[in-house]
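Student: I'd like to ask some things about the structure below.
The values are calculated or read from the model by the stated rules, or taken from the named source; none is laboratory data. Please read these numbers as outputs of a predicted model, since none were measured by experiment. Note that we place each Cβ from the backbone using ideal geometry, even for glycine, and neighbour counts take in every protein chain shown.
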Amino acid sequence: MASTAATAGTDKTVQNTMRAERKRNVARTVKSVREQLASTNGVRPAFDYELTQLHARNRITSAYAIPLLVVMFGFISALWADKTLVMAWGFLTLAAHFTVVLFSRRFLAEAQGEANLKSWRRRFIILDALQGLAWASLFVLPGADNPAADVFRFATMLIVVAVGVMLSSNVRGAMLAVSLPITFTAALGFTLYPAVEPIGGVMPHATIMAAMSIGVQLFFTMLGYRLHASALETVESRAEKDSLIAELEQANAISD
C-alpha cells in the first residue's frame, strides 16, 4: 500500500512537471508572437537590439581600415582626375565614415533599456546612406575617359560594395542604403561616359560594366540577406541556450 501511494505521488509529480513545462512553452510562444507583432520587421526587439549592437561594433572595428581604402583609391584616382576634387572627395568620405563611428560609440554607450532602438536604426540607415553617397561621388569626378579608368572604377565599386554589405548586413536597411548609391552612381557614370572602343564591334565595354554593376549589387544584396539570417540564427540560438540554462538553474533551486 505504501508502494502504491509512492507511485501515485511520483505520477502526480511528473504530471505537475509536464503541466508546468507546457505552461512555460505557451508563455514563451505568446511572448515571442507578441514581440514579433510589435516589431516593424518581424524580429523580436531583443534580437533587434543585439543585431544593431553587432552593426555598431562592425563600424567601430572598421574605424581605421576604411580610411586606408579612401587613401588608396584617392591616390590612384588622382592619376587621371582633378587632384583638388579627389582631395575634397576624400575629406567628405572620411567625415561621413567617422560620423558613423562616433554615433556607433554613442549607441553602445547607452544602456539597453534607455536606447530608442527604432530611432537608432533610423539614424544608422541615414548615416550609411550619407556614407554611400560620399563614396558614390568618386564615380562622377571628371577626368580622363579611358578603359583603364573604367576598370579601376569598376574594381573600386566591387570592393566598396562588398565591404559595405558585410559591415552593414545586420541592419538590412543600412546595407541597402550604403550600397545602392554606389552601384547606381557607378553604373550611371559608365553610361554617361562610355569608352570609345566597343567590344567585338557591338557594345562599348563601359555599357557592359554598367550592366555588371547591377549584377554585382544583386549578388551582394542576396549575400547580405544571408549574412543577416545567419547572424539572427546565432542570436536566437544563444538566447535559447541562456533561457534553458536559466530554467535548469531554477529547477535545481526548487528541488533543493
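Student: Cβ contacts < 7 Å: first residue farther than 16 Å from Phe47 by Cα, restricted to the range 113-124; second residue surrounded by 10 or more Cβ atoms within 10 Å (Cβ to Cβ) and among the aliphatic types (A, V, I, L, M), any location; separation 6+ or different chain. Result?
Tutor: Every condition considered, the pairs that remain are Phe124/Val171; Phe124/Ala174.
Student: While we're on this one: I need the full set of residues from the range 53-68 which are within 14 Å of Val100 (Cβ to Cβ) and not aromatic (Phe, Trp, Tyr), in order please.
Tutor: Selection gives His55, Ala56, Arg57, Asn58, Arg59, Ile60, Thr61, Ser62, Ala63, Ala65, Ile66, Pro67.
Student: Quick check on the range 60-69. Is at least one of its residues crowded, with 18+ Cβ neighbours inside 10 Å, closer than 24 Å to Ile125 by Cβ, at pLDDT 90 or above and within 19 Å of the chain's Cα centre (by Cα)?
Tutor: Here is the first cut: in the range 60-69, the residues crowded, with 18+ Cβ neighbours inside 10 Å are 62, 66.
Next, only the ones that are closer than 24 Å to Ile125 by Cβ stay: 62, 66.
With at pLDDT 90 or above added as a condition, the list becomes 62, 66.
Cutting the leftovers down to within 19 Å of the chain's Cα centre (by Cα) gives us 62, 66.
Yes: one or more hits.
Student: Could you list, in sequence order, all residues of the range 79-99 that are surrounded by fewer than 18 Cβ atoms within 10 Å (Cβ to Cβ), of a type in the set (Ser, Thr, Tyr) and within 27 Å of the chain's Cα centre (by Cα)?
Tutor: Listed by number, the list holds a single entry, Thr99.
Here's the yes/no breakdown for (1) surrounded by 11 or more Cβ atoms within 10 Å (Cβ to Cβ); (2) modelled with pLDDT of 80 or more; (3) over 31 Å from the mean Cα position of the chain (by Cα):
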residue: Val171; (1), (2), (3): yes, yes, no
residue: Ala187; (1), (2), (3): yes, yes, no
residue: Thr191; (1), (2), (3): yes, no, no
residue: Met203; (1), (2), (3): yes, no, yes
residue: Tyr225; (1), (2), (3): yes, yes, no
residue: Asp256; (1), (2), (3): no, no, yes
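Student: Looking at (1) part of a helix (DSSP H, G or I); (2) modelled with pLDDT under 90, which is the one condition that is false for Leu180?
Tutor: Among (1) part of a helix (DSSP H, G or I); (2) modelled with pLDDT under 90, Leu180 violates only (2).
Student: On the basis of being more than 17 Å from Phe152 (Cα to Cα), at pLDDT 65 or above and under 17 Å from the mean Cα position of the chain (by Cα), does Leu218 make the cut?
Tutor: yes
Student: Does at least one position in the range 58-69 carry a residue that is farther than 15 Å from Ser168 by Cβ, part of a helix (DSSP H, G or I) and charged (D, E, K, R)?
Tutor: No, every residue in the range 58-69 fails to be farther than 15 Å from Ser168 by Cβ, part of a helix (DSSP H, G or I) and charged (D, E, K, R).
Student: Just to be sure I understand, how many residues within the range 108-141 are within 23 Å of Leu180 (Cβ to Cβ) and assigned to a helix (DSSP H, G or I)?
Tutor: 23
Student: Quick test for you: out of Gly113, Gly74, pick the one residue that is of a type in the set (Gly, Ala, Ser), under 28 Å from the mean Cα position of the chain (by Cα), modelled with pLDDT of 55 or more and surrounded by 14 or more Cβ atoms within 10 Å (Cβ to Cβ).
Tutor: Gly74
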